[in-house]
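A.B. asks: Below is the structure I would like to discuss, written out as structure tokens.
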Amino acid sequence: MKVFQIACLICFLVFMNCDSTKENSEMKTEINKKSFANQYITILGIAQDAGYPQINCEKTCCKAYYDGDEAKKLVSCLGLVDLKSEQKWLFDATPDIVEQTQILKDKHLDNGKVIDGVFLTHAHIGHYTGLMNFGREALGGKDIPVYVMSRMKNYLKTNGPWSQLVALNNIELKALENDSILALNAALKITPLLVPHRDEYSETVGYRIEGKDKSALFIPDIDKWNKWERNIIEEVKKVDYAFLDASFFRDGELNRDMSKIPHPFTTETTTLFENESIETKNKIYFIHFNHTNPTIQNHSPLRDSIQNLGFRFAKEGDNFEL
Ligand SMILES: [Zn+2]
Ligand SMILES: [Zn+2]
Ligand SMILES: [Zn+2]
């Protein structure tokens, strides 16, 4: 009888243990699911239009890559992911779109689509030429939504090879309006904001991306902060993350007239925010680095000094909950 009772007790304990292990693992999965937001931004690239390394550059900036001291950097791009609705979008169609859509699929969401939509900022090579991969020679896409402002829309419709993407319905152009909210779904809202830039073929916009809890500002290209009708300090304060143009670190960085290709120098942005709180500075993540900007390199001492002031650097693979 005693032996039977002990056997029963052992069975009971084993059963209880199995059950609680199962419960524990279920609890863990639940926590893992909850520990990351359903909607988030992921950084898919940080370099200026021409990437890093840049074509034919024999200077120390790109030598660092060929010597194996720095990794290749993809062109400036944000991925927007909604795990709940199982959708994903790109902010800009860069020359690195093949790798960037693959990263989205492998590491974030495989929903059977290459992308649910693309938001374009403007018609400079790093921001829209990736669209060519949606065409007949490549993916042969079907009605891929491409969100654009009016001049950009007209440019794509009336100039080859882009007009063929429209004619063959590889892409479907969706019109955006300045400072007007587009609700992607119940959780995500997108607002384009016109910014001053060298607008040869299209206007240029930045984007405000709003989730249920947090929001972000993305301005990869702008001429100078003081040319904008909006106050960048106020715009940064309105959001949780601000991914801002850091094409050049300082004046004189290029051996050509830099006033012809104006951008806010990193040093100008940090000076502008000098007297703001550490919380405000912490919201700024620099992005869109020219190959000559020393802070594109992970091992740059200048990068450390800017971080010590409270500013941050966007890095491929970093995720930001919304
Ligand atoms: Zn650019
Ligand atoms: Zn270089
Ligand atoms: Zn540009």
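A.B. asks: Identify, from the list Leu104, Leu131, the residue that is of a type in the set (A, V, I, L, M, F, W, C), assigned to a helix (DSSP H, G or I) and within 16 Å of ligand 3 (Cβ to nearest atom).
C.D. replies: Sole residue among the options that is of a type in the set (A, V, I, L, M, F, W, C), assigned to a helix (DSSP H, G or I) and within 16 Å of ligand 3 (Cβ to nearest atom): Leu131.
A.B. asks: Shifting gears a bit: Being assigned to a loop (DSSP other than H, G, I, E, B), in contact with a Leu (Cβ under 7 Å, 6 or more places away or on another chain) and touching a residue at least 40 places away in the same chain (Cβ under 8 Å) is the requirement here; does Thr292 meet it?
C.D. replies: The answer is yes for Thr292.
A.B. asks: Further, regarding this structure: Yes or no: Val75 more than 15 Å from ligand 1 (Cβ to nearest atom), crowded, with 20+ Cβ neighbours inside 10 Å and β-branched (Val, Ile, Thr)?
C.D. replies: no
A.B. asks: Looking only at region 48-73, count how many residues are more than 16 Å from ligand 3 (Cβ to nearest atom), under 21 Å from the mean Cα position of the chain (by Cα) and of a type in the set (A, V, I, L, M).
C.D. replies: 1
A.B. asks: Consider region 213-254. How many of its residues are under 19 Å from Leu120 (Cα atoms), within 16 Å of ligand 2 (Cβ to nearest atom) and among the hydrophobic types (A, V, I, L, M, F, W, C)?
C.D. replies: Number of matching residues: 1.
A.B. asks: Restrict the check to region 281-295 and report whether at least one residue is under 19 Å from Ala71 (Cα atoms) and surrounded by fewer than 17 Cβ atoms within 10 Å (Cβ to Cβ).
C.D. replies: No: region 281-295 contains no residue that is under 19 Å from Ala71 (Cα atoms) and surrounded by fewer than 17 Cβ atoms within 10 Å (Cβ to Cβ).
A.B. asks: Another question about this same structure. Among the listed residues Glu177, Glu200, Glu210, Glu172, which satisfies the condition of being within 15 Å of the chain's Cα centre (by Cα) and open to solvent by 30 Å² or more (accessible area, probe 1.4 Å)?
C.D. replies: Exactly one of Glu177, Glu200, Glu210, Glu172 is within 15 Å of the chain's Cα centre (by Cα) and open to solvent by 30 Å² or more (accessible area, probe 1.4 Å), namely Glu210.
The values are calculated or read from the model by the stated rules, or taken from the named source; none is laboratory data. Note that the structure is a prediction, hence the values are computed from the model and not measured. Glycine also receives a Cβ, built like all others from the backbone with ideal geometry; neighbour counts cover every protein chain displayed. Quick note on the areas: whole protein, heavy atoms, side chains included, nothing else; ligands and nucleic acids left out. Shrake-Rupley method; radii C 1.70, N 1.55, O 1.52, S 1.80 Å.
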